[in-house]
Structure formats: C-alpha cells, structure tokens
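**Student:** One structure coming up, written as structure tokens, with questions to follow.
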Amino acid sequence: MPVPALAAEKARRYGPAMPNSQDAESLVAAADVLRGVLRPLKFSLPVTHVYDPLDYAWASHTAYLRQFGMGRKKGIFLGMNPGPYGMAQTGVPFGEVEAVRGWMGIEAPVQRPPHEHPKRPVEGFACRRSEVSGRRLWGWAAQRFGTAEKFFEDFFVVNYCPLIFLEESGRNRTPDKVPASEMAPVEAACDAHLKRVIEVLEPEWLIGVGGFAENRLEIVAGGRPGVKIMRILHPSPASPAANRDWAGNVDRSLVKAGVI
C-alpha cells in the first residue's frame, strides 16, 4: 500500500494524528501522583530495600514521557516492574542504558535512592551492566521500526509498578512475591495510574509483557469498549522460551493478532 494510502487508513481507524503536549503533561501528572502515594509505604522482610526510580530518576522519566507520550497510541506495552540494570538506572521502562541514551536520545542526571543496597548501586547512565530484558525489547523495536520516533508514533511502554523490591542478599523480589496485604495499597495506586495512562493515550491494544502484566490489564481494562488485550512472552533471560529467538516469537505473535 502506498504511503499516502497507509496514512489515510491509519487516520480512518485511529483518528487523525494530532500529537498534543498536554497528553504528555497528563502522563507526568499521573506519575507524580503515583510516586506520592507510594512514597510512605513500608514493606516487611525479606524485603530490605525499596527503590522508586520515579523519585531519584524523575528527570529522565519525565523526559521519556514528554518526548514520546504525545498523541493517541495504537498499543501500550505493559511491563511488571523495573529491573536492577534497566529502569532502576535510567528511569525509563525496560531502560537498558544504551537503548535509552543511543536509540531514544535521552540522558539526564540520576540521583541515588535514599536507602541504597550495597550490592545494587544506582549509577544512572554510567552503569555498564546491560539489562537483558530491555536490550531485547528495545532491540526488537529498533529492528522492526527503525527509529524510536516511528515506534512511539503508534506505541508506548510503561511499567505497572515502578518499585523495585530487594532482599538482603541483593536478590530482586518481584511484586507477585510480596505479601498481598502489603501489595494492596500498591496495586490500588498502580491500577489508578494505569487507568489514567489508558485514558490519556486511548489505545486499541493493551499488550502485557508476561502473564502478570496481562492479568493487571484484565483487571483494570477488561471489558473496556474498543480495547483488546493480549500477552507477549516476557524477555527475561530466566525464561527458557525467551532465550530462543524472543524477537521472532514476539514479532510473529503481534503480526498474527493484527497489532503490527
């Protein structure tokens, strides 16, 4: 299909492309509310340290929202929570340093969390460790769409929960392993934030990156008119399936569903 015809078809299906900086400011305001609600929460052992990149990496997180959170999106990819060498360092979902700095063109000062784990230091954009999940996700996006601008024209990526839970050993404890009573206020705040993101960006597709994210999407947006929910394989190297052509697997799933 010629480019003008593609543009006309997109406009017919999703409305005219009208990027609006107010969309991004709405996302910034929603993130600010979320970090304010989460800030006073406490967690019990085995969690000993909790990081919130929305606080100490606020500059780069808001740069991400303002640069790419404008206009209606065809789809939103939802992750679970930050990894120690991704969003924990850059403030960007799945934020592997080179992808954020080199592909997205974002780099901003990152502070340190007030209670830092000695085995999980926050070095910001100076971090030399690579977040495998982020490298896979953004590597796929770069291969499929070329530029970050082309990807974010139709899609956006957000994490359900911005908190990183660490045990005394430095081990990452995922939100689904935190006691339900302690996660209840977290989920209430994160559900409200996710709902607001969906309201602002008006996606046709909600794509859970893994089962946890898909489940939260069903809870928050299941039955929402005009919205379809699906899951893709999580890119974590802990998943044997993800270590076998993750990008090809995801590409095929999204093409089959009609997302791309």
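The values are calculated or read from the model by the stated rules, or taken from the named source; none is laboratory data. Small disclaimer: the values here were computed from a predicted structure and weren't measured. In this analysis, Cβ positions are derived from the backbone assuming ideal geometry, glycine residues included, and neighbour counts consider all displayed protein chains.
**Student:** In the range 32-71, how many are in a loop (DSSP other than H, G, I, E, B), at pLDDT 95 or above and under 23 Å from Trp205 (Cβ atoms)?
**Tutor:** 1
**Student:** Sticking with this one: Looking at (1) more than 23 Å from Ala126 (Cβ to Cβ); (2) of a type in the set (Val, Ile, Thr); (3) over 14 Å from the mean Cα position of the chain (by Cα), can you tell me which one Ile76 breaks?
**Tutor:** Unmet condition: (3).
**Student:** Quick one: in the range 144-158, of everything that is crowded, with 19+ Cβ neighbours inside 10 Å and either without any contact (Cβ under 8 Å) to a residue 24 or more places away in the chain or of a type in the set (Val, Ile, Thr) (or both), which residue is farthest from Pro84 (Cα to Cα)?
**Tutor:** Among residues in the range 144-158 that are crowded, with 19+ Cβ neighbours inside 10 Å and either without any contact (Cβ under 8 Å) to a residue 24 or more places away in the chain or of a type in the set (Val, Ile, Thr) (or both), the one farthest from Pro84 (Cα to Cα) is Phe151.
**Student:** For Ala141, which of the numbered conditions (1) buried (at least 16 other Cβ atoms within 10 Å of the Cβ); (2) closer than 25 Å to Val33 by Cβ fails to hold?
**Tutor:** Among (1) buried (at least 16 other Cβ atoms within 10 Å of the Cβ); (2) closer than 25 Å to Val33 by Cβ, Ala141 violates only (2).
**Student:** Do we find a residue being surrounded by fewer than 17 Cβ atoms within 10 Å (Cβ to Cβ), without any contact (Cβ under 8 Å) to a residue 24 or more places away in the chain and over 23 Å from Ser44 (Cβ atoms) anywhere in the range 179-190?
**Tutor:** no
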